[in-house]
Amino acid sequence: MELWTTTVASARGAQRAAQEIEAAGWDGMLVVDSQNLSGDPYVSLALAATVTTRIGLGTGVTNSVTRQAAATATSIASVDRISNGRAVLGIGRGDSALAHLGRAPARLAQFELYLRQLQNYLSGEAVSFDDIDIPTEAAPPLSGLHLHDAPPSSRIGWIADGLKGGRKVPVEVAASGPKVIALSALHAERVMFTLGADTERLAWGIALAKKTRRDAGLDPNAIAFGAYVNLGCHGDMDAARGLVRGGLTTFARFSVMHGKASGPVSSGDRDVLEKLRSNYDMKAHTRGDSRQAGTLTDDFVDRFAIVGTPDRCIERLRSLAALGLDKVAISGGTRGASAEDAAVSKQLVAEQVLSGMRR
């Protein structure tokens, strides 16, 4: 099972962060795409590619609204070229990136169409002009110019040409609800669950994805599974919990964003999720000292995140690998958490957890 780490997109800090991540032994680095909160992810990934040779590089995650599919495809394909085939495109329906534009996550129909277009572009295929959602008030149809000749459809030729001697950039979808899990099972190379570290919930997601593929006449085993997980490694359990509370609120909220908790959940956890939803303050997104962070009980944190000593963290990670996950993207301490505890956790993960998972 590959272990990736997530970080912010920072043009100024991307190279240093990437070098540290590679030296520590991580398998990959994911950067967020939230234009009002961080820098451009593709600039950061391109810079990271220039100073590393081994780690994978990807978005964790972009969305289907703030960029046209063609723009997203050409950006991640450019990173793939620079990194000699180490890029991956992580995508979801959008959260903070859309919230800071006054919008909720993308509608399912738009998201599915976008995934189809994205996969077409990355596979060197064409997308019909009729399927491209650009309002005519913003830009009228090209046919109105009465050109002598014009492209019949939208296709990125240089990506298509590169596939002859290279590889297609894989797409992985962040998913928590049953409908998005089903969509990603049909249109992605990997489903990245945002269901926490609870094995029962993850097993439910895997079973649903495989059933969706089977019902569609597709090989249920021809898709990979991974998960986004919050991890705090510390000898003091309270300190470990404090590291993950802020980030965990973000992922946990995905399971109750529209009012109904998705996946297997106890009545107690349902109460926590509902309280989290009603108390969520997007202005304190991911912060460990936020209003929403205070709604998570210790019991909830212990199940939905991975917290504790290195041995405990290794045990929990191995239980995820036993489910069939081949990739885990780990988020550590966030803003508002103790910087001292975060430094301890970072060192323990690098020196003991990563090496322990290799044995």
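The values are calculated or read from the model by the stated rules, or taken from the named source; none is laboratory data. Model, not experiment: these values are computed from the prediction. Here the Cβ is made from the backbone with ideal geometry for all residues, glycine too, and neighbour counts use every protein chain on show. Side chains are part of the model used for accessible areas, which takes the heavy atoms of the whole protein and leaves out ligands, DNA and RNA. Shrake-Rupley method; radii C 1.70, N 1.55, O 1.52, S 1.80 Å.
The table below gives the values:
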item	result
The chain - percent relative contact order, Cα under 8 Å, separation 6 or more	16 percent
Label of the coordinate-derived value, semi-axes √(5λ) of the Cα gyration tensor in Å, listed as (1) 34, 23, 20; (2) 27, 26, 20; (3) 37, 25, 18	(1)
Crossing angle, helix 199-215 versus the chain [Cα axis fit, 0-90 degrees, rounded to tens]	30 degrees
Within the accessible area of the chain (1.4 Å probe), percent carbon and sulfur	51 percent
HN-Hα J in Hz across the stretch 92-99 - Karplus 6.51, -1.76, 1.60, θ = phi - 60°, x for Gly and Pro	x, 7, x, 9, 5, 4, 7, 4
Net charge, Gly324 excluded, C-beta distance under 13 Å - Lys, Arg +1, Asp, Glu -1	+3
Magnitude of the charge dipole, the stretch 1-137, Cβ model with Lys/Arg +1 and Asp/Glu -1, debye to 20	300 debye
Percentage relative contact order, the stretch 1-124, counting C-alpha pairs under 8 Å, at least six apart	23 percent
Distance between modelled label sites at Ser266 and Ile132, nm, 7 Å Cα→Cβ extension	5.2 nm
Angle in degrees between helix 178-187 and the longest Cα principal axis of the chain, rounded to the nearest 10	50 degrees
Taking the stretch 219-359 and dividing mean pair separation by its residue count, relative contact order in percent (alpha carbons under 8 Å, at least six apart)	41 percent
Restraint check, Lys179/Lys210; Lys260/Lys346; Lys179/Lys327; Lys283/Lys346; Lys283/Lys327; Lys168/Lys211, Cα-Cα greater than 24 Å	Lys260/Lys346; Lys283/Lys346; Lys283/Lys327; Lys168/Lys211
J(HN,Hα) series, the stretch 57-67, from Karplus relation 6.51 cos²θ - 1.76 cosθ + 1.60, nearest Hz, glycine and proline x	9, x, 8, x, 9, 8, 9, 9, 10, 6, 9
Cα→Cβ-extended label distance, 7 Å offset, between Arg312 and Ala160, nm	5.5 nm
Under 13 Å, Cβ to Cβ, from Ala73 - net charge with Lys/Arg +1 and Asp/Glu -1	+3
Protection proxy ranking of 129-137, 143-151, 349-357, 247-255 - average other beta-carbon atoms within 10 Å, highest first	247-255, 349-357, 129-137, 143-151
From phi via Karplus (6.51, -1.76, 1.60), per-residue ³J(HN,Hα) for the stretch 28-45 in Hz, x at Gly/Pro	x, 10, 10, 10, 6, 10, 9, 4, 8, 10, 8, x, 6, x, 6, 5, 4, 5
Sequence-distant residues sharing a close amide H with Ser153 (under 5 Å, placed H)	none
Rounded, prolate or oblate (a/c below 1.5 giving rounded, otherwise prolate when a/b exceeds b/c) for the stretch 120-200 by Cα gyration tensor	oblate
Set of the stretch 249-287 residues, backbone N closer than 17 Å to the point 7 Å along the Cα-Cβ line of Lys211	262-265
Average accessible area per residue (Å²) across the chain - probe 1.4 Å, nucleic acids and ligands excluded	45 Å²
Beta bridges per DSSP with both ends in the chain, % antiparallel, nearest 5	5 percent
Spacing of the two label points (7 Å from each Cα toward its C-beta) at Asp238 and Ala339, in nm	2.2 nm
Pairwise centroid distance, computed over Cα atoms, of the stretch 1-70 with the stretch 313-351, Å	17 Å
